[in-house]
Amino acid sequence: MKVNDVILQTVTKIVVFIIFTFAFYLFFAGHHDTGGGFIGGLMAASALVLLYLSYDIDTISKAIPINYRTLIGVGVSVSTLTGIGSILLGYPFLSHTFEYVDFPFFGEIELATSVLFEFGVLFTVVGGTLTIILSISEDV
Amino acid sequence: MSWVHLMIVLPLLFAVLIPLLYKAFPRIHTGWFVLVVPVVIFGYLATYLPMLANGETALYEIPWIPYLDINFTVFVDGLGLIFALIISGIGALVIIYSIYYLSKAREALHNFYVYLMMFMGAMLGVVLSDNMIVLYLFWELTSISSFLLIAYWYQRKQSRFGAQKAMLITVLGGFAMLASIIMIHNITGTFSIREVIAQSDLLVQHDLFLPAMLLLLLGAFTKSAQFPFHIWLPDAMEAPTPISAYLHSATMVKAGIYLVARFTPAFGGTPEWFWIVTFVGLFTLIWGSLNAVKQRDLKGLLAFSTISQLGLIMSLLGMGSAALYFNPGDQGVQLHAYAVLAAVFHLINHSTFKGSLFMVVGIVDHETGTRDMRKLGGLMTIMPVSFTLAVIGSLSMAGLPPFNGFISKEMFFTGTLNAANLDIFNMATYGAIIPIVAWVASVFTFIYSIILVYRTFLGKYQPERLEKKAHEAPLGMLIPPSILGFLVLAIFFFPNVIGDYALKPMVASIIPSAAGVFDDYTISWWHGFVPELFMTMAVVALGLILFATLNRWIGLYNHMPQWMHLNNWFKHGLSGMERGSHKVIDWHMTGYIRDYLMYIFITIILIVGGSYFMLNDFTLYTDNLASINLFEIVLALVLLGSTVLVMATRSRLTAVVSVGVLGYVVALFFIILRAPDLALTQLAIETVSVALYLLCFYHLPKLKGRGEEEGEKFKVGNFIIALGIGSLVTLLALSVNGYNLFEPISTYYGDSYDLAGAANMVNAILADFRAFDTFLEIFVVAIAALGVYALVRLRLEKRGGTDESQ
Amino acid sequence: MEILMSILIGVLITAGTYLVMSRSLLRIILGTSVIGHGALLLLLTTAGLKEGAPPITNIEALTYADPLPQALILTAIVINFATTGFFLVLAYRAYKELGTDDMDKLRGIDDE
C-alpha cells in the first residue's frame, strides 16, 4: 500500500532544507535566544521524519547512511565527555565556561563549552527520535 | 581510614576476587587463596594484644553520615579484639579444613568462599564497630551470609527449609534490635556505644528502658539461639560441616553473647537485666542439654550442646551483671565479676573444643557417609586420631580434667554459688535454684559428651550399614582439629597466658568497675577440696550411672507432650501467616491494572484531599490575577472540546487526532504564557508524536470482533474517581497561587548572562546550571529509544531464528 | 487567567485519569499523554502567569517570567515523548503478540 505522491516528494526536497537550516539556526541561537539542543534536535528529527514519510525507508537509508543508534551513543558520549572534561580540569562534573574570542572576518564571537554539551543533546535527540520511529515503521 | 578498618573490609573486598581466582586457577583449590585473608587479619590484630594487656584501647573513625551521627567507628578493646581473633583464627582453621572437606571437582567453591568471606567481614564489623547503626548493618549481613551458607546445597529441601528458618528468626531479632537502637538513640542522643555506656544512668531511669532492653535482648537471644528461639540452630546443621563449626558454634551464634556483653555496662546492674539474661540462659542450658541426649544425628547432638553451652555463657553474663550494682571497689564487684571472667573463659574454651568436635564429626561423616549414631560405632581402631580428638573435645565439654572445659566449668559453679548468695534483686528467695539447675544440666552435658564418643568410636563396628568403607581422614583435615585439641590441653595447663592477655581485658570491657580487680588473680585448676570439686565429682558419678541405664529411661522422651515441640509452633505459625497473607493478597491483588490504579487514585484523594480539607487550606486569591482576552478563551474552549472528544470518542483515529490538537493548544498556551522555548519544543514534539501515533495505528490490524470501535461504556465509578482527582488538582492549583512560602530561587538565574554567558535563561539552566538534569534526561531518551529498538528488533531476530530451524 | 488555567488543568487531569482507567491499552497511553499536558500547565501556572517578559535577557524588561519551571517543563516534555514512544511500542508489541489490547485479558499468568 505504498503511496507515491510526486507533489509531496518535490515539496519535501525543498522544505527539508529549510527545516534543516531552521534547526541549525535554532541550535546556535539557543544560547541567547529561543532555541537550543532539544529544539534543534527535534526540528532536525522532524525534517528527517518528513523525508521518511514522503519517500520510503530504503531510499532515504541509502541517501543518508546514518545508523541512528550509533548517533545516540555518540550523543551521550559527547555529553559525558564534556562533563568529564571539567573534572579533569579540577571543576565539578559538567561545569561549563565561556570566552569571547575575536575571529577574523566574523568579529567577536562567544565560545561556550556548553555548546559542546548541547551537541551531545542534539545528537541524542535526533538519534532517539528516529530510532523510535524507524523501529516501528520497519516492523510491518 | 585505619588498618583495622582495612581488616574489616578486607574479606569483603577479597570476596570480589574469589570468582576470578576460581576461574583463573581451576587446578588449585580456591581455599588456598582465601586462607591468606584470615591469616593476615589474625596476624595484624594479634599485635594489639600487648596494648590491651596494659589496659589501653584504640579508637579509629571514618565519617560516613556525620549529619545523622552515623560513622564507621572502630573500637578496639578487650571484648572486641578477642572476638575478632577468634573469628579470624578459627576462620583460618576452618578454611584449611574446608579445602579437604569440599571437593574441588564437584562443589561450587567460589560461591562458598564468597559467602564465607562475606560472613567473616560482617562478623569482624559486628565485634569491632562502635556505632550501633553500623553494627546493625554488619549484624544483618551475618544473617544473610549465614542464610546463604546454610542453603549452600540448595538442591536439598532441608537446606532451604533450614536456611529460611534461620533467616526468619535471626532477622526478626535483628529488626527488634534496630528498634531498640533507635530507642536508645532517642534516650541518649547518640549512636556510639561508648557514649551510651557513659550515659547508663540516664538510660536506666528512662521510661523506654524496659522496651529498649527487651528488644535488644530479643536480637541477642535469636542470634545466640536462646530458648525459645533456639529452634533454628538444629536445622542450620544442613550447612556443610566447616560452616557449622565456624558460624554455628564458634562465631556467629556468639554474636548474641557479644551483644549482651557489650551492652552489659549500659543495662547491667538492674534487676530486669539480671533476671532475664540469667534465667533465659539457665533455661536454655538445661533445655539444650536435655534435648542433646536424645539426638541420634551427631550434628544434631552438637547443635543442642551448642545451644546449651551458649545458655551457660549467657547465664554467666547475667549473673556477672550483678557486679555493676555495687559501687566500684566494693567486694561484691569482684565476687560477681568473677562470673563474667568465667563467661569469657568458657566462651574461648567452647570455641576450641566445640570447633574441634564439629570437625571430627565432619570427618566421620565424610569418611563413613553417615552421621547417624545408630549406624556408627567401633571406629576407634580405624580412625585413631579422630578418636583421640573426639575424646579431648568431649571430655573438655563434659568438664573433666585435664582439659580447659574443666577449669571454666568449675568457675561456672563458683559463679552460680556466688549468685545464689546474692541478697539483692529478690535473690534470697530463688537464689538456690541457680546452682541446682546448673548442676542438673551439667549431668546431662556429661551424658551426651559420653554418648558422642561411645556411640561413634566404641561399641560394635557395623561396616554393612555404612555407605563408605571407613578409613582415617587425610592429614589436612586432621590438622585444624588437632590444633584446636592442642589448645584445649594447653589452656588447661597454662590458663594464665590467656587469662592475662584475653580474659582480663575482656572483663574490663564488660564490667568497667572491675578493671584491675583481677590483676593479682591467677586462674588455676586446683583450689583444694571446695564445693565446686564435689559438684563435679557428683556430676561424674550420677552421669555414669545414668549413662549405664540410658536405655531404660531414654523412652521418657517419647512422652514429651506435643505442645512442647517448639518446631510445631514455628511450622504452624509460618504456614498460618502464609495462608493469611495469601488471603489478604488475593483479596486486593486482582490482576486488573484498573483496580490497582483505583487504589492509588483513591489513596491520593483520601490523603491529599483529606489533609487539604482538614488543614482548611483552600484560598482563592482574586487580586493580582493575569488578564484574559478573547483569544485565550477560544483556546480554552478548543482545549475543553478536544479533551471531551478524547474521552467520548469511540474511534481511535479521532482520539489520536484530538490528543494532537490538545498538544498544539498547549503549545499555543506556552506562547501566551511567555515561554517561547517550550512552545517551540512542544510544537516539534507534538508533530513527531502524532506521526508516531499514526504510525502505530497505521500498522495495527483492525480489532477482531469489535471493529473500529473501542466498545467501552461510560463508567460512572471511574469518572467519579477521575473527577475527584481533577477537582483536587484544580483546588490545589488555585490555592498555590496565593502562597509564597519561600523566596523564589529564580532571581539567581536572572544573572545567566554574566554567570553562563547565555542570554536565554531557560537554556542556560538546561545546559549549564542544571546540566546534570539534562545529562540524565538524554540518557532517558537513549534508553527509551534503545528499548523500542530492542522490543521490535529482538522479536524479528527470534522469528528469523525459528524460520531457519524449520 | 489563573482560575481559567486551574480549571483547564483539572479538566485535563480528570480526562487523563479517566482514560488511564479504561480497558484499552491505547486509551491508557493517550490518558498518560493528557495527564502529562495537565501537569505541564500546572507547573507553569504555579509559577505565576504573564509576569514579565520571556526569560531572555536580550529583551529589555524589568522582570522576566520564572525560567526554572520552564526548564523543568522542557525536560519533562522530552522525557514524556520518549516514554510515550516506549509505551506505544510496548502496547503495539503486546497487541501483535497477544492479539488484544484489552487490559482485562492482559492479566499475566496465575502462579498457581
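The values are calculated or read from the model by the stated rules, or taken from the named source; none is laboratory data. Quick caveat, the model's predicted, so the values are computed rather than measured. Here the Cβ is made from the backbone with ideal geometry for all residues, glycine too, and neighbour counts use every protein chain on show. All accessible areas refer to the heavy atoms of the entire protein, side chains included, with ligands and DNA or RNA removed. Shrake-Rupley method; radii C 1.70, N 1.55, O 1.52, S 1.80 Å.
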In this structure, is B:Thr603 more than 9 Å from chain C (Cβ to nearest Cβ), over 25 Å from C:Leu49 (Cα atoms) and over 42 Å from the mean Cα position of the chain (by Cα)? no
Conditions first: (1) open to solvent by 30 Å² or more (accessible area, probe 1.4 Å); (2) modelled with pLDDT of 85 or more; (3) within 23 Å of B:Ala785 (Cα to Cα). A:Thr59 passes all but one, so which condition is the exception? (2)
Answer residue from the stretch B:1-10, given it is assigned to a helix (DSSP H, G or I) and not aromatic (Phe, Trp, Tyr) and is surrounded by the most Cβ atoms within 10 Å (Cβ to Cβ) among those: B:Ile8
For B:Gly268, the lone unmet condition from (1) closer than 17 Å to B:Lys223 by Cα; (2) surrounded by 24 or more Cβ atoms within 10 Å (Cβ to Cβ); (3) in contact with a Phe, Trp or Tyr (Cβ under 8 Å, 6 or more places away or on another chain) is (1)
Boolean, A:Asp33 is among the charged types (D, E, K, R), open to solvent by 30 Å² or more (accessible area, probe 1.4 Å) and assigned to a helix (DSSP H, G or I): no
For the subset of the stretch B:666-685 comprising residues that are away from chain A (no Cβ under 14 Å) and surrounded by fewer than 24 Cβ atoms within 10 Å (Cβ to Cβ), which member is farthest from C:Thr45 (Cα to Cα)? B:Leu668
Would you check which residues across the stretch B:744-790 are at the interface with another protein chain (Cβ under 7 Å from one of its Cβ atoms), surrounded by fewer than 20 Cβ atoms within 10 Å (Cβ to Cβ), among the charged types (D, E, K, R) and more than 30 Å from C:Leu90 (Cα to Cα) and list them? B:Arg770
Restrict the check to the stretch C:86-103 and report whether at least one residue is open to solvent by 30 Å² or more (accessible area, probe 1.4 Å) and either of a type in the set (Val, Ile, Thr) or closer than 23 Å to B:Ala684 by Cβ (or both). yes
Given the conditions (1) of a type in the set (A, V, I, L, M); (2) in a helix (DSSP H, G or I); (3) open to solvent by less than 40 Å² (accessible area, probe 1.4 Å), report the number of the one that B:Ile523 does not fulfil. (2)
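Would a scan of the stretch A:37-46 turn up a residue that is outside any helix (DSSP H, G or I), touching a residue at least 12 places away in the same chain (Cβ under 8 Å), at the interface with chain B (Cβ under 10 Å from one of its Cβ atoms) and closer than 22 Å to A:Glu118 by Cα? Spell out the reasoning first.
Taking the stretch A:37-46 and keeping what is outside any helix (DSSP H, G or I), we get none.
No: the stretch A:37-46 contains no residue that is outside any helix (DSSP H, G or I), touching a residue at least 12 places away in the same chain (Cβ under 8 Å), at the interface with chain B (Cβ under 10 Å from one of its Cβ atoms) and closer than 22 Å to A:Glu118 by Cα.
Return a yes/no flag: does the stretch B:351-369 have any residue that is part of a loop (DSSP other than H, G, I, E, B), open to solvent by 10 Å² or more (accessible area, probe 1.4 Å) and not aliphatic (A, V, I, L, M).
To start, the set of residues in the stretch B:351-369 that are part of a loop (DSSP other than H, G, I, E, B) comprises B:369.
Applying the additional criterion that residues be open to solvent by 10 Å² or more (accessible area, probe 1.4 Å) yields B:369.
Retained after the next criterion (residues that are not aliphatic (A, V, I, L, M)): B:369.
Scanning the stretch B:351-369, I find at least one residue that is part of a loop (DSSP other than H, G, I, E, B), open to solvent by 10 Å² or more (accessible area, probe 1.4 Å) and not aliphatic (A, V, I, L, M), so the answer is yes.
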Is there a residue being among the aliphatic types (A, V, I, L, M), open to solvent by 10 Å² or more (accessible area, probe 1.4 Å), under 16 Å from the mean Cα position of the chain (by Cα) and more than 7 Å from chain B (Cβ to nearest Cβ) anywhere in the stretch C:52-71? no
Failed item, numbered, when B:Gly641 is tested on (1) more than 7 Å from chain C (Cβ to nearest Cβ); (2) at pLDDT below 90: (2)
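Residue check: is B:Leu422 in contact with a Ser or Thr (Cβ under 9 Å, 6 or more places away or on another chain), buried (at least 16 other Cβ atoms within 10 Å of the Cβ) and assigned to a loop (DSSP other than H, G, I, E, B)?
Here the answer is no, as B:Leu422 does not meet what is asked.
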Only one of B:Leu542, B:Leu556, B:Leu606, B:Leu597 is open to solvent by less than 40 Å² (accessible area, probe 1.4 Å) and assigned to a helix (DSSP H, G or I); which? B:Leu597
Residue in the stretch C:32-51 that is surrounded by the fewest Cβ atoms within 10 Å (Cβ to Cβ), counting only those that are facing chain B (nearest Cβ under 7 Å) and not in a helix (DSSP H, G or I): C:Lys50
In the stretch B:452-500, anything in a helix (DSSP H, G or I), within 27 Å of B:Arg296 (Cβ to Cβ) and open to solvent by 30 Å² or more (accessible area, probe 1.4 Å) is listed as B:Tyr454, B:Arg455, B:Pro463, B:Glu464, B:Arg465
Output the residues belonging to the stretch B:612-647 that are open to solvent by 100 Å² or more (accessible area, probe 1.4 Å) and within 56 Å of the chain's Cα centre (by Cα). B:Phe613, B:Met614, B:Leu615, B:Asn616, B:Tyr621
Residue pairs within 8 Å by beta carbon, gap of at least six or interchain, first lying in the stretch A:72-87 and facing chain B (nearest Cβ under 7 Å), second outside any helix (DSSP H, G or I), listed first then second, are A:Gly83/A:Phe93; A:Gly83/A:Leu94
Contact list, first residue from the stretch B:686-706 and facing chain C (nearest Cβ under 9 Å), second anywhere and assigned to a helix (DSSP H, G or I) and at pLDDT below 65, beta-carbon distance below 6 Å, six or more apart or interchain, is none
Which numbered condition in (1) within 10 Å of another protein chain (Cβ to nearest Cβ); (2) out of contact with any Leu (no Cβ under 9 Å at 6 or more places or on another chain) is the only one that A:Tyr91 fails? (1)
In this structure, does B:Thr170 turn out to be open to solvent by less than 10 Å² (accessible area, probe 1.4 Å) and in a loop (DSSP other than H, G, I, E, B)? no
When residues of the stretch B:581-594 are limited to those that are open to solvent by 70 Å² or more (accessible area, probe 1.4 Å) and more than 14 Å from chain C (Cβ to nearest Cβ), the one farthest from C:Gly10 (Cα to Cα): B:Val584
If you go through the stretch B:563-580, how many residues are open to solvent by 50 Å² or more (accessible area, probe 1.4 Å) and either over 19 Å from B:His230 (Cα atoms) or in contact with a strand residue (DSSP E or B) (Cβ under 9 Å, 6 or more places away or on another chain) (or both)? 3
Wholly within the stretch B:11-120, which helices (runs of 4 or more DSSP H) include no fewer than the required count, namely at least 3 residues that are open to solvent by 70 Å² or more (accessible area, probe 1.4 Å) and closer than 30 Å to B:Asp365 by Cα? B:31-46
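I'd like the full set of residues that are hydrophobic (A, V, I, L, M, F, W, C) and either in contact with a strand residue (DSSP E or B) (Cβ under 9 Å, 6 or more places away or on another chain) or at positive phi (or both), limited to the stretch C:8-29.
Going residue by residue through the stretch C:8-29, those that are hydrophobic (A, V, I, L, M, F, W, C) are C:8-9, C:11-13, C:15, C:19-21, C:25-26, C:28-29.
If the condition is that a residue be hydrophobic (A, V, I, L, M, F, W, C) and either in contact with a strand residue (DSSP E or B) (Cβ under 9 Å, 6 or more places away or on another chain) or at positive phi (or both), then C:Leu25 is the only one that fits.
Could you pull out the residue among C:Ile9, C:Ile13, C:Ile29 that is more than 7 Å from chain B (Cβ to nearest Cβ) and either of a type in the set (Asp, Glu) or in a helix (DSSP H, G or I) (or both)?
On the way: C:Ile9 fails: more than 7 Å from chain B (Cβ to nearest Cβ); C:Ile13 fails: more than 7 Å from chain B (Cβ to nearest Cβ).
None of the other options fit; the residue is C:Ile29.
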